[in-house]
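Okay, structure first, notes after.
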Amino acid sequence: MKYFLKGLFVFILCGIGQSLSAQESIIFEAGLRPKMVYKTKQQLITQNLLQYRGDSLMLANLEQAGIENPQESVDTITNSSLTYTGNAQGANYPLQMKITESDNYDLPAGALLFGEVQRGIPVFDSIANSNMDEATATAVLKGVSALIKNTQVPPTALKVGESFSHSVPMEIPIGPSVFVVDIVTEYTLIDVQNGIANLNLDQVIVMNTTIEGYEMTANGTGKGTATYSVGSRFLTGMNLELDMTLEMEIQGISIRVGMKSKSRQELELLEAADFPEGLINLEN
């Protein structure tokens, strides 16, 4: 459970769009662009619950095996990163991420991820300065690539008061199985003040997995806000609170997984004129 929650906090990087009218409408767009630096700082606080329910014999067997029931924990995770994109080479351009602050042992400060944006799709293929074995590194590279891909949003016109929805899948490994839920976020444009668009965010959790032999339900809601620089075409901040519950029945055993999270994300967009020591020059 803890590994999964830390995996959720892999760095999600967004861009934004141009203004149609300074006070009444915008074009919202999320995605990476060539020859830029994306500076991201994120904090995630989660309250986690794993609870087993069943007959007294089953619960006694769990206790005898040393399995705590319920299992509760609180995690606070802070991460910072710099993501660099190089010159466009046709439809592709190089991509690097440097972890600048981390309390994750597997992906510490100084870790480097290398890849390429291929026709708009980010693909990380190698990692350096990490504490991961090959299998874990492969999974992290795949997860980072997928998270950035899933959070990209095509240009969407929004007037004040209007909304649009975007769905992002989330994988939850439990035992030998992987369950998928969709986090559907509705973005509503509240106003545009001095070039900054203010948006309200509403989220719902939708179950997206059917596995024979399992009875499963998932539900959850979230609320938050976001700020968006119209002139810089970039999302500058996001605050979200999410409450999610997953329940499943397996051969008379009920498992309940709960998570309450509070996240804060600060982002800054810079021109990629110079690259710090330790990174390959993306101009080449």
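Every number in this text was worked out from the coordinates using simple rules, so none of it is lab data. The structure displayed is predicted, hence computed values, not measured ones. Glycine also receives a Cβ, built like all others from the backbone with ideal geometry; neighbour counts cover every protein chain displayed.
Multiplying the sequence separation of residue 78 and residue 41 by 0.36 nm and subtracting their Cα-Cα distance, what value in nm do you get?
Values: separation 37, 0.36 × 37 = 13.32 nm, distance 0.76 nm.
Separation in residues times 0.36 nm, less the Cα-Cα distance, equals 12.6 nm.
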**Request:** Grab the Cα-Cα distance for residue 241 and residue 55, subtract it from 0.36 nm times how many residues apart they are, and report the gain in nm with one decimal.
**Result:** 63.5 nm
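Give the residue list of chymotrypsin sites (Phe, Trp or Tyr not before Pro) in the range 168-270 that are DSSP loop and have at most 15 other beta-carbon atoms within 10 angstrom.
Values: sites: 179, 187, 214, 228, 234; in loops: 214.
Passing both the DSSP loop test and the Cβ count: 214.
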**Set of lysines near residue 98 by C-alpha distance (under 16 Å), chain-local residues within fewer than 8 positions excluded** = 35, 39, 41
**Asked** Over all Cα pairs of the range 171-259, how is the pair count split among 10 Å bins, expressed in % and running from 0 up to the last occupied bin?
**Response** 15, 36, 22, 16, 8, 2
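Mind ranking 41-52, 75-86 by how tightly packed they are, going by the mean number of other C-beta atoms within 10 angstrom, highest first? Mind showing how you got there, number by number?
On the way: 41-52: 16.8, 75-86: 18.8.
Ranking, from highest mean packing down: 75-86, 41-52.
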**Fill in**
Restricting to aspartates and glutamates and to Cα separations under 20 Å from residue 142, and discarding same-chain partners fewer than 8 apart, the set is 106, 116, 125, 133, 134, 171, 182
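Sort 87-94, 54-61 by packing, meaning the average of other beta carbons within 10 Å per residue, with the highest value first.
On the way: 87-94: 13.2, 54-61: 11.8.
Final packing ranking: 87-94, 54-61.
Could you give the length gained on full extension between residue 190 and residue 142, defined as 0.36 nm per residue of separation minus the Cα-Cα distance, in nm?
Numbers: separation 48, 0.36 × 48 = 17.28 nm, distance 3.52 nm.
The span from residue 190 to residue 142 would gain 13.8 nm if fully extended.
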**Item:** Sites residue 266 and residue 133, calculated FRET efficiency, Cβ-Cβ separation with R0 41 Å, nearest 0.05
**Value:** 0.80
**Message:** Looking at the range 59-128 only, what percent of DSSP beta bridges run antiparallel? Nearest 5 please.
**Reply:** 100 percent
**Prompt:** Arranged from highest to lowest average of other beta-carbon atoms within 10 Å per residue, in what order do the peptides 242-248, 103-109 appear?
**Reply:** 242-248, 103-109
